[in-house]
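As structure tokens, the structure follows; a few thoughts come after it.
Read the figures in this text as sums done on the coordinates, not as results from a lab. The structure displayed is predicted, hence computed values, not measured ones. Positions of Cβ are generated from backbone atoms using ideal geometry, with glycine treated the same way; all protein chains shown enter the neighbour counts.
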Amino acid sequence: MKARVLVVDDDPALAEMLTIVLRGEGFDTAVVADGSRALPALRELKPDLVLLDLMLPGMNGIDVCKAIRAESGVPIVMLTAKSDTVDIVLGLESGADDYVVKPFKPKELVARVRARLRRTEAEPAESLAIGDLTIDVPGHEVTREGKAIPLTPLEFDLLVALARKPRQVFTREVLLEQVWGYRHAADTRLVNVHVQRLRSKVEKDPEHPEVVLTVRGVGYKAGPP
Amino acid sequence: MKQQILAYVSRVTRLARRVGAYGRGRVVAFGVLWRQSLQFRVTVSTLALSSAVVFVLGMVLQNQIVTRLTETKRQAAIAQTQQVVATAESELIGISDQDALPDRLQNVLKKITSSSSADQGSGASAAGAYEPVLTAGGISSTDSAGAIWKVPEGLQRFAEANLVATEIHTIDDNGSRTTYLIVGAPVTSTGRPIQLYLLFPMTAEQNTLSTVQNTLLVGGLVLLVLLAGISNLVTRQVVRPVRSAAAAAARFAGGELDERLPVTGEDDLSRLAMSYNEMAASIQRQIRQLEEFGTLQRRFTSDVSHELRTPLTTVRMAADVLHASREQFPAGLARSTELLVDELDRFEALLGDLLEISRLDAGVEELAAEMIDVAPVARRAVEQVRVIAGNAGSPIELDLPEEETPAEIDARRVERILRNLLANAVDHSEGGPVRLTLAANEHAVAITVRDYGVGLRPGEADLVFNRFWRADPSRNRRTGGTGLGLAISHEDARLHGGQLEAWGAPGHGACFRLTLPRRQNEPFEDSPLPLVPPDGEAVNGQASIGSGADYSIPVEELRKEDVG
């Protein structure tokens with residue numbers, strides 16, 4: 001079955017080009033040119049991934065991102081024309097999983113999309129423990145004392161990566177490779193922002209984390225079960 | 001003994017030296033206060049000038065009083081003397097040389113003395129009490145009555161010459177000194193010439209004079225103190241607003257643009273405050289305007305960035321799609337596709353650099369500095385140019401210190417600077433080695449990038465940081481630099497509070513040195529590494545050293561406000 005990508009972009013030429021490239025790579029695509037129409041399209045089409053331009057008429061890309069996140073954990077990859085630190089961090093904080101800076105090469109984009117769609121197929125029944133949480137890996141479910149905690153696929157992947165090797169300290173670069181699929185060093189802010197988002201969901205007190213611990217100067221590691 | 005003397009001498013010298021040092025210290029402190037405090041200067045000047053005036057005034061006054069006192073006394077004394085002379089003449093009528101002159105003189109003297117005391121009683125004598133002396137010539141003469149030794153010889157000579165004369169003379173009488181006004185007058189007699197001297201003690205006048213002197217002295221001192229106080233007070237009235245204006249100006253310069261001076265009244269100082277405030281408002285307006293320009297520039301940059309990048313993305317993707325299937329095209333078309341993709345790469349790099357430098361110019365770039373080890377940043381930069389260095393056949397040598405060299409730097413920018421320097425070095429090394437050296441001292445870290453290629457001609461070291469400047473336009477560009485790399489690096493270094501400098505000599509290669517402070521806002525004095533490499537000292541004659549021009553925005557000349 002083909003993965004479906006929803007492209008939210010106001011530039012018709014770019015949208016068409018994206019469609020051509022993604023179709024060429026074997027994806028199914030749908031295009032929405034207006035930010036305010038992104039949400040209805042999401043509900044109707046149930047895409048596997050959203051490709052979202054940050055500068056949009058109608059509704060700001062950041063707001064669209066927040067609105068999508070409010071009702072779905074679907075992977076979001078931002079297209080941004082700015083390499084401004086503020087804009088990227090703002091986008092990530094409002095729920096985007098990853099970003100591509102324009103102008104990008106088709107291969108780069110496809111690699112980002114594939115990395116976010118990559119599902120570990122036919123995983124063996126596996127249950128992991130991290131902090132006081134239990135992770136049901138094939139069921140994509142995280143529970144604390146029987147109560148489920150909703151996580152986006154990316155946050156889930158991040159948590160599983162840490163939980164699989166409970167004693168190892170992960171540097172940001174290693175996490176970028178394992179969770180985001182970057183081959184060479186990329187923007188470590190991705191890791192920082194998503195760890196913060198993850199903590200806000202799984203920690204009892206995000207100020208004093210017990211599940212995802214910071215190892216100063218190195219990176220992160222799993223909290224003891 | 002000798003040792004004791006020596007010890008004493010050395011002690012004295014030491015003491016003298018200490019006193020000298022103390023004196024010098026005082027003088028220096030005085031000099032500093034004199035230079036720095038207007039109030040002090042005015043007070044001291046007023047004190048000095050008024051001291052002189054008071055002194056002169058006091059002297060003149062005293063002189064006047066003394067003259068008047070003695071003149072009055074003299075006139076009264078002369079009148080008194082004439083009276084006494086008349087008495088004496090009447091007593092001495094009919095005296096002859098043969099008579100026992102001394103006895104007669106004694107008698108006359110007694111008469112005079114008794115009449116003098118009678119006068120005293122009635123208070124008729126304006127000249128006061130006196131001591132009479134009668135003599136019949138010569139100090140040696142026994143023919144005299146009264147204390148003839150008290151009369152000075154000069155006066156006697158006048159009297160003997162039949163002249164009335166006066167003299168003020170101080171006589172030491174067994175330790176008690178008394179000043180007399182002595183009047184000498186000839187007494188007409190039938191026999192030998194007789195002179196009469198009256199000695200008027202000036203004790204009363206002296207008392208008066210010393211009282212006057214004391215009064216003048218105390219009055220003068222009080223006047224001086226008052227003058228010093230007044231001048232101090234008056235200067236303070238002027239100096240205080242000036243000082244507060246200076247403090248306000250300093251705060252304004254420190255960035256508190258809302259700082260204004262209070263305006264009270266309509267005097268000169270309030271006019272100063274008013275024009276200062278106008279100036280401050282004008283500067284504030286201009287700064288606001290510049291800030292607005294900055295904001296506009298930032299928005300423009302961001303808009304241009306977006307507007308240019310979106311179509312560029314489409315073109316780029318289209319080109320890549322074509323490029324991916326270029327094998328199916330005829331040769332000309334395939335080559336065109338390749339050129340298209342390559343030039344798009346350059347276009348992208350150029351656009352990126354242009355946007356970067358316009359943001360640096362607008363001053364909207366911020367330093368994301370954190371305390372990190374510099375060596376890994378250098379290693380990453382080297383990794384990134386490894387491929388082009390390999391293509392050019394230039395080995396890159398690394399000389400990093402063993403211990404960590406943490407510094408507060410923006411890793412992204414420093415990496416970019418080093419990448420630019422390395423790419424530039426590889427480009428000009430002609431296949432020779434490129435050497436990166438890192439060193440640190442207490443306040444700064446320095447990185448030099450040295451190549452052994454064509455080098456720089458005299459005067460070129462400053463030009464290398466110019467935008468789009470190329471040493472030799474005909475040279476082929478291996479790394480395809482945009483021509484903005486070094487200019488951006490220069491600005492990046494400046495953003496860190498650091499320096500980027502260049503050295504080069506024709507045929508001896510070039511050396512670029514980046515020096516960054518280890519902590520932001522803590523300036524360094526010297527770089528841990530020399531800019532001129534040790535092997536480059538010999539060619540100093542033809543070498544070139546430069547650190548680039550300053551591109552900071554000049555503030556428009558301030559409009560002059562009419563002070564009125």
Remind me, relative contact order of the stretch B:414-524 in percent, using alpha carbon pairs under 8 angstrom and six or more residues apart?
33 percent
Filtered hits (lysines, Cα-Cα < 25 Å from A:LYS102, offset >= 8 within chain) -> A:LYS66, A:LYS82
Charge-dipole axis of the stretch A:97-225 as Lys and Arg at +1 and Asp and Glu at -1 on Cβ define it, positive-most pick from A:VAL211, A:PRO138, A:VAL101:
A:VAL101
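Residue by residue through A:14-20, how many Cβ atoms from other chains fall within 10 Å of the Cβ on average?
Details: counts 8, 1, 3, 8, 3, 0, 3.
Mean partner-chain Cβ count within 10 Å for A:14-20: 4.
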Using only the alpha carbon atoms of the stretch B:331-471, find the Kirkwood hydrodynamic radius as the inverse mean reciprocal pair distance, in angstroms to one decimal.
17.3 Å
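Please give the average number of partner chain Cβ atoms lying within 10 Å of the Cβ of each residue in B:316-324, rounded to a whole number.
On the way: counts 6, 12, 6, 2, 8, 5, 0, 2, 4.
Mean shielding count: 5.
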Hey, fewest Cβ within 10 Å first, where do B:VAL54, B:VAL464, B:VAL84 land in order?
B:VAL54, B:VAL464, B:VAL84
Say each of A:ASP132 and B:LEU495 gets a label point 7 Å from the Cα, pointing the same way as Cα to Cβ; how far apart are those two points in nm?
4.6 nm
Considering the alpha-carbon set of chain B alone, what are its Rg and its Dmax in angstrom?
51.6, 174
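Averaged over A:94-105, how many beta carbons belonging to a partner chain fall within 10 Å of each residue's beta carbon?
Counting Cβ atoms of other protein chains within 10 Å of each residue's Cβ and averaging gives 4.
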Kindly rank B:172-180, B:335-343 from highest to lowest mean number of other beta carbons found within 10 Å of each residue.
B:335-343, B:172-180
Cα centroid distance between the stretch A:128-149 and the stretch A:34-101, in Å?
28 Å
About the Cα centre of chain B, how large is the charge dipole given +1 on each Lys and Arg Cβ and -1 on each Asp and Glu Cβ? Please answer in debye to the nearest 20.
1500 debye
Pairwise label distance in nanometres, B:GLU366 with B:GLU537, each label 7 Å out on the Cα-Cβ vector:
4.7 nm
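Order B:315-322, B:266-273, B:510-517 from most to least packed using the mean count of other Cβ atoms within 10 Å.
With the highest mean Cβ count within 10 Å placed first, the list reads B:510-517, B:315-322, B:266-273.
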Within the stretch B:421-520, report the GluC sites (Glu not before Pro) that DSSP leaves as loop and that have at most 16 other Cβ atoms within 10 Å.
B:GLU430, B:GLU442
Dipole-positive endmost among B:PRO262, B:VAL212, B:THR170 within the stretch B:129-263 (Cβ charges, Cα centre):
B:PRO262
All-pairs alpha carbon distance profile, the stretch A:6-114, 5 Å steps from 0, percent:
2, 13, 26, 28, 21, 9, 1
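Between exposed GluC sites (Glu not before Pro) in chain A, where DSSP calls loop and at most 10 other Cβ atoms lie within 10 Å, what's the longest gap? List each step's numbers first, then the result.
On the way: sites that count: A:GLU121, A:GLU145, A:GLU207.
Value returned for the longest uninterrupted segment is A:1-120.
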With n ≥ 4 as the cut-off for DSSP H runs, can you work out [θ] at 222 nm for chain B, using -39500 (n - 2.57) per run divided by the number of residues, rounded to the nearest 500?
-20000 deg cm²/dmol
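May I ask for the net charge around B:GLN384, where only other residues with Cβ less than 13 Å from the Cβ of B:GLN384 are counted and Lys, Arg are +1 while Asp, Glu are -1?
Details: positive: B:ARG379, B:ARG380, B:ARG386, B:ARG412, B:ARG416, B:ARG419; negative: B:GLU383, B:GLU415.
Local charge sum for B:GLN384: +4.
So which chymotrypsin sites (Phe, Trp or Tyr not before Pro) in the stretch B:1-59 are both in a DSSP loop and have at most 14 other Cβ atoms within 10 Å of their Cβ?
Details: sites: B:TYR8, B:TYR22, B:PHE30, B:TRP34, B:PHE40, B:PHE55; in loops: none.
Here no loop site has a sparse enough neighbourhood.
For the protein assembly as shown, state the semi-axes of the equivalent ellipsoid (square roots of 5 times the eigenvalues of the alpha-carbon gyration tensor), sorted largest first and rounded to whole angstrom.
The answer is 111, 32, 27 Å, longest axis first.
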Would you mind working out the magnitude of the charge dipole of the stretch B:373-501 relative to its Cα centre, with +1 at each Lys and Arg C-beta and -1 at each Asp and Glu C-beta, to the nearest 20 Debye?
740 debye
Project the alpha carbons of the stretch B:17-57 onto their principal axes and report the range along each, largest first, in whole Å.
41, 23, 7
Gap separating the Cα centres of the stretch B:306-375 and the stretch B:41-92, nearest whole Å:
106 Å
Which value, in nm² and rounded to one decimal, describes the direction-averaged projected area of the C-alpha convex hull of the stretch B:390-455?
4.9 nm²
Pairs to check: A:LYS2/A:LYS165; A:LYS105/A:LYS201; A:LYS2/A:LYS107. Give those whose C-alpha atoms are more than 23 Å from each other in this structure.
A:LYS2/A:LYS165; A:LYS105/A:LYS201
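How high is the relative contact order of chain B, in percent, with contacts defined as C-alpha pairs under 8 Å that are six or more residues apart?
Details: 769 pairs, mean separation 52.0, N = 564.
It comes to 9 percent, rounded to a whole number.
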Give, in nm to one decimal, the length gained when the segment between B:ALA204 and B:ARG243 is fully stretched (0.36 nm per residue of separation minus the Cα-Cα distance).
8.4 nm
Classify the stretch B:1-94 from the C-alpha gyration tensor, please: rounded if a/c falls under 1.5, else prolate or oblate depending on whether a/b exceeds b/c.
oblate
Lys/Arg Cβ at +1, Asp/Glu Cβ at -1, dipole of the stretch B:313-382 taken about the Cα centre: which of B:MET317, B:VAL382, B:PRO330 is farthest positive-ward?
B:PRO330
Which whole number in µm²/s is D for the stretch B:181-318 by Stokes-Einstein, with the Kirkwood Rh taken over Cα pairs at 4 °C and 1.567 mPa s?
53 µm²/s
Taking only the alpha-carbon positions of chain A as identical scatterers, the Debye log10 I(q)/I(0) at q = 0.17, 0.18 Å⁻¹ comes out as -1.26, -1.37
For the pair B:ARG412 and B:ASP103, the simple spin-label estimate (label points 7 Å beyond Cα toward Cβ) gives in nm 13.8 nm
Rounded to the nearest 20 debye, dipole of the stretch A:1-98 from Cβ charges on Lys, Arg, Asp, Glu:
340 debye
Per 0.36 nm of contour for each residue apart, how much would the distance between B:LEU233 and B:ASP172 grow if the chain were fully extended, relative to their Cα-Cα spacing?
16.8 nm
